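Input: a single structure, listed below in structure tokens.
The values are calculated or read from the model by the stated rules, or taken from the named source; none is laboratory data. If you're wondering where the values come from, they're calculated on a predicted model, not measured in any experiment. No Cβ is skipped: glycine too gets one built from the backbone with ideal geometry, and neighbour counts run over all protein chains shown.
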Amino acid sequence: MSDPLNSPEARRAGAILTIDLDALVSNWKTCADKAPTATTGAVVKAAAYGTDATKSAIALYKAGCTTFFVASIQEGIDLRAVLGNGPTIHIFNGLMDGAERDFSEHNLTPVLNSLGEIDAWGAYCTGLGKPLPCNIHVDTGMARLGLPNNELDKLSENPEHLSHMKLDMVLSHLVAGEQSDNPLNPQQLMHFQNIMTQFPTARGALANSSGIFLGPDYHFDVTRPGVALYGANPTPGQPNPMAQVVRLQGKILQVRTIDTPQTVGYGATHQAQGEERIATVSVGYADGYLRSLSSSGIAYIGEHKVPVVGRVSMDLIGLDVSKVPEELTRPGTLVDLIGPHNPVDEVADRAGTIGYEILTSLGTRYHRVYLGG
């Protein structure tokens, strides 16, 4: 078998992004094992958190996942084209004005977020002469999308709003599921339990990645793991139960020796404190390596930890490799920017953000290598 890291495409690339589809599937199975009485879906919005929705969804579908969630109609249309009509595909962002036909033509299930959307879907179903599936999103504390309490009361008082459609799921979203001791979690759980008594034939779906790990009371009928599938820790402060899915390796382009008072990069934000060897690596903020990692990011060359020095620029970063043997820092050497020693959550911490942003920022210029699946 040919070495994917030594293909012509890999040799031309400034960085290699390796995505382990077997690890992705393993993470999905871990989530399923935590909620054995529920259907375990998969959230594959935003290009499956930067990993490519086509490849990731196909791997999950082959492994037995038949329930997928995306944000937009177009994401759903694209996903339907590669998965066929087998799985259900649910669209979080609901109806767009005049887009009802897109849902029926592509066999997509809208998540209806307001009483107005419910009425619009009902009118469309009436016009077609057949009930079509839908979900209802109820707001239990996020104050974002979803029916607020006053609209939910109106729906309860006039259930005929739902008479022309086929209600599949009632969904809500946890505000602080990653904080296991946050009192908002049991408050939302109780609110959602009360709401579900109004919809005795519908399936309930409350738990996202972190919600799955809050315990069986939060599982209901369908769970919606998202970022955990891609290796981020759904239980911050505790050991990560998920396998690492992504590995980002940038190439060293050049190594230079500098000395006081020389500086590195834009703005001269790093000044040498004596002789230093600086490796310039072919990754920058245009590739999704965030500018906030300037002088705070960490990379690894094998077991050697090396700091990012100076500002992250559009296409390049500088690393202080003074303590790394010279034979390990030659041009073409691959440096781990996300990897076994610096997983996505640690990179996010150094960038002052969350793993979601690191993953969904993964750039298009990387040469991508997919393992397994």
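For this structure, a couple of remarks:
- Strands (runs of 3 or more DSSP E) fully within region 222-339 counting 1 or more residues that are charged (D, E, K, R): 246-258, 276-281, 304-309, 317-320, 334-338
- On inspection, Thr280 fails the criterion of being modelled with pLDDT under 95, in contact with a Gly (Cβ under 7 Å, 6 or more places away or on another chain) and not aromatic (Phe, Trp, Tyr).
- Condition met for Pro325 (over 17 Å from the mean Cα position of the chain (by Cα) and under 25 Å from Leu229 (Cβ atoms)): no
- In the condition set (1) under 23 Å from the mean Cα position of the chain (by Cα); (2) assigned to a helix (DSSP H, G or I); (3) not hydroxyl-bearing (Ser, Thr, Tyr), Gln179 is compliant with all but (2).
- Residues in region 26-40 that are assigned to a loop (DSSP other than H, G, I, E, B) and surrounded by fewer than 18 Cβ atoms within 10 Å (Cβ to Cβ): Pro36, Thr37.
- Test: residue in region 72-94 that is under 19 Å from His137 (Cβ atoms) and touching a Gly at 6+ places or on another chain (Cβ under 6 Å): yes
- Failed item, numbered, when Leu229 is tested on (1) surrounded by fewer than 21 Cβ atoms within 10 Å (Cβ to Cβ); (2) among the aliphatic types (A, V, I, L, M); (3) within 20 Å of Val70 (Cβ to Cβ): (1)
- The one condition from (1) at pLDDT 95 or above; (2) assigned to a loop (DSSP other than H, G, I, E, B); (3) in contact with a Gly (Cβ under 8 Å, 6 or more places away or on another chain); (4) not hydroxyl-bearing (Ser, Thr, Tyr) that Arg365 does not meet is (1).
- Among the candidates Gly211, Gly215, the residue that is at pLDDT 95 or above and at positive phi is uniquely Gly215.
- When residues of region 185-226 are limited to those that are in contact with a helix residue (DSSP H, G or I) (Cβ under 6 Å, 6 or more places away or on another chain) and among the small types (Gly, Ala, Ser), the one surrounded by the fewest Cβ atoms within 10 Å (Cβ to Cβ): Gly204
- Hey, Leu155 crowded, with 18+ Cβ neighbours inside 10 Å, within 25 Å of Leu189 (Cβ to Cβ), in contact with an Asp or Glu (Cβ under 6 Å, 6 or more places away or on another chain) and hydrophobic (A, V, I, L, M, F, W, C) or not: no
- Condition met for Ala71 (under 23 Å from Gly339 (Cα atoms) and surrounded by 15 or more Cβ atoms within 10 Å (Cβ to Cβ)): no
- Filtered residue count, region 180-209, keeping only those that are over 25 Å from Cys134 (Cα atoms) and touching a Leu at 6+ places or on another chain (Cβ under 7 Å): 2
- Selection count, region 1-25, where residues are surrounded by 17 or more Cβ atoms within 10 Å (Cβ to Cβ) and either at pLDDT 95 or above or among the polar types (S, T, N, Q) (or both): 10
- One residue from Leu229, Leu253, Leu248 being at pLDDT 95 or above and closer than 30 Å to Asn182 by Cα: Leu229
- Lone qualifier among Leu83, Leu132, Leu112 - being surrounded by 13 or more Cβ atoms within 10 Å (Cβ to Cβ), at negative phi and touching a strand residue (DSSP E or B) at 6+ places or on another chain (Cβ under 6 Å): Leu112
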